[in-house]
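> I have a structure I would like to understand better, so I am pasting it below and will then ask my questions one at a time.
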Amino acid sequence: GGRQGVVGIGAINKGALLPAGVKVSNPIPTWGGDDPETVDEAERRIPAFLRHQDRLVSAADFSDITERTPGVDIGRVDVLPLFHPDRPTTTSAGVVTVMVIPKYDPLYPDAPRPNKLFLDTVCAHLNPRRLVTTEVHVRGPIYKRLWVSVGVNVIAGRDIAPVHDAVRQAVRTFLSPLVGGFDETGWPRDTQVDTNTLLAVVARVDGVQSVNEVQLGLETGGALDSIAMQGLELPHLVGISVASGSARPLDTVRGTTPPGDGDSPRLFPVPVVPESC
């Protein structure tokens with residue numbers, strides 16, 4: 001049934017093929033519902049399958065086979081040859097790390113992150129297809145929490161609020177791990193976030209006459225010209241402010257961000273098994 005079959009606890013209360021009087025309930029959430037691929041997507045996968053024969057040898061093989069993992073909706077796959085997630089600064093022979101990002105995440109829509117079940121599913125799919133000499137790690141991204149404050153001048157005669165909303169959405173989309181970057185395929189790894197690039201994105205928004213200032217910062221400290229991304233790190237825009245005239249101070253922007261990640265409800269923390277494979 002696709003993604004509509006993924007429901008929460010207690011959402012299932014009947015079965016069309018069951019006899020009368022039988023009650024149905026689901027004490028745990030359902031999972032594994034996947035939208036069908038299109039004919040064009042299937043046609044693109046045929047030559048890839050003929051090339052790799054369902055074996056993990058090259059980086060392209062890892063990418064193609066990971067995307068075909070059944071039971072999970074994968075929005076992005078990055079293959080890092082010779083990279084060990086626990087030793088990111090050294091070259092590790094025979095090691096391949098696969099970074100996966102879910103296509104959907106209701107808790108963190110702007111920064112999707114795989115849970116342990118997601119990672120285990122991908123790992124179980126890759127393990128029998130790898131070479132015996134290859135050590136494979138399946139991990140999610142490591143998000144760096146960012147705050148942005150922008151000051152703009154709106155073209156005379158335009159409504160200010162819609163333009164400000166468009167600026168917020170443009171910056172949020174540009175930093176997205178799934179549709180961000182200039183090629184709109186997700187923010188590229190090992191690519192720093194800098195104020196000059198964000199200024200260019202804001203300047204292209206319809207209704208913006210000029211950009212006065214762009215401030216960029218982390219959870220603490222002052223404004224930075226750039227923030228580096230290394231290894232599995234990707235940006236997560238937690239808070240953004242857009243104002244007419246001068247940009248608001250970053251401390252003020254951080255103070256208006258709700259506790260947590262800014263785009264998710266407050267959750268009660270409980271001990272869990274580390275989400276790695």
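The values are calculated or read from the model by the stated rules, or taken from the named source; none is laboratory data. All values derive from a computational prediction rather than experimental measurement. Every residue, glycine among them, receives a Cβ derived from its backbone with ideal geometry; neighbour counts consider all protein chains shown.
> So, in segment 114-129, how many residues would count as being crowded, with 19+ Cβ neighbours inside 10 Å and within 30 Å of L216 (Cα to Cα)?
Of the residues in segment 114-129, 1 are crowded, with 19+ Cβ neighbours inside 10 Å and within 30 Å of L216 (Cα to Cα).
> T185 is checked against (1) buried (at least 16 other Cβ atoms within 10 Å of the Cβ); (2) in contact with a Leu (Cβ under 9 Å, 6 or more places away or on another chain) and fails just one. What number does that condition carry?
Only one criterion is unmet by T185, namely (1).
> Under the condition of being outside the structural domain of V98 (by TED's automatic domain parsing) and in contact with a Phe, Trp or Tyr (Cβ under 8 Å, 6 or more places away or on another chain), which residue from segment 1-60 is surrounded by the fewest Cβ atoms within 10 Å (Cβ to Cβ)?
R3
> If you don't mind, another one. Go through (1) more than 24 Å from E219 (Cα to Cα); (2) surrounded by 15 or more Cβ atoms within 10 Å (Cβ to Cβ) for V132 and report which single condition fails.
All conditions pass for V132, except number (2).
> Take the conditions buried (at least 16 other Cβ atoms within 10 Å of the Cβ), in contact with a helix residue (DSSP H, G or I) (Cβ under 9 Å, 6 or more places away or on another chain) and modelled with pLDDT of 95 or more and apply them to V202. Does it pass? Give the steps one after another, and end with the answer.
Numbers: buried (at least 16 other Cβ atoms within 10 Å of the Cβ): yes; in contact with a helix residue (DSSP H, G or I) (Cβ under 9 Å, 6 or more places away or on another chain): yes; modelled with pLDDT of 95 or more: yes.
Judged against the criteria, V202 is a match.
> Test Q209 against the criterion of being touching a Phe, Trp or Tyr at 6+ places or on another chain (Cβ under 9 Å) and either in the same structural domain as D86 (by TED's automatic domain parsing) or at pLDDT 95 or above (or both), and give yes or no.
no
> Go through segment 167-211 and give me each residue that's over 24 Å from D105 (Cβ atoms) and small (G, A, S).
Those that are over 24 Å from D105 (Cβ atoms) and small (G, A, S): A200, A203, G207, S210.
> Search segment 64-77 for residues that are closer than 13 Å to R3 by Cα and pair each with any residue that is at pLDDT below 90 and among the aromatic types (F, W, Y) when their beta-carbon atoms are under 6 Å apart and the residues are at least 6 apart or on different chains.
Short answer, once both residue conditions are applied: D73/Y104.
> Taking only pairs six or more apart or across chains, which ones have beta-carbon atoms under 8 Å, a first residue in segment 181-195 that is within 17 Å of I227 (Cβ to Cβ), and a second residue that is of a type in the set (A, V, I, L, M, F, W, C) and loosely packed, with under 14 Cβ neighbours inside 10 Å?
Close Cβ pairs (under 8 Å, with a partner that is of a type in the set (A, V, I, L, M, F, W, C) and loosely packed, with under 14 Cβ neighbours inside 10 Å) amount to Q192/A228.
> Just to be sure I understand, how many residues within segment 165-178 are more than 20 Å from the chain's Cα centre (by Cα) and surrounded by 20 or more Cβ atoms within 10 Å (Cβ to Cβ)?
1
> Could you please give the count of residues in segment 6-48 that are of a type in the set (A, V, I, L, M) and over 25 Å from P106 (Cβ atoms)?
Here is the first cut: in segment 6-48, the ones of a type in the set (A, V, I, L, M) are 6-7, 9, 11-12, 16-18, 20, 22, 24, 28, 39, 42, 46, 48.
Filter once more, so that each one left must be over 25 Å from P106 (Cβ atoms): 16-18, 20, 22, 39, 42, 46, 48.
Matching residues across segment 6-48 total 9.
> Still on this structure, I have one more. Residue check: is L82 among the aliphatic types (A, V, I, L, M) and either touching a residue at least 40 places away in the same chain (Cβ under 8 Å) or touching a His at 6+ places or on another chain (Cβ under 6 Å) (or both)? Spell out how you get there, then give the answer.
Numbers: among the aliphatic types (A, V, I, L, M): yes; either touching a residue at least 40 places away in the same chain (Cβ under 8 Å) or touching a His at 6+ places or on another chain (Cβ under 6 Å) (or both): no.
The answer is no for L82.
> Inside segment 116-139, can you point out the residues that are within 19 Å of Q53 (Cα to Cα) and under 19 Å from the mean Cα position of the chain (by Cα)?
If the condition is that a residue be within 19 Å of Q53 (Cα to Cα) and under 19 Å from the mean Cα position of the chain (by Cα), then V122, C123 are the ones that fit.
> Here is a follow-up. Can you tell which of R158, R129 is of a type in the set (K, R), in contact (Cβ under 8 Å) with a residue 12 or more places away in the chain and in contact with a strand residue (DSSP E or B) (Cβ under 7 Å, 6 or more places away or on another chain)? Lay out the reasoning, then the answer.
Numbers: R158 fails: in contact with a strand residue (DSSP E or B) (Cβ under 7 Å, 6 or more places away or on another chain).
Residue meeting the stated conditions: R129.
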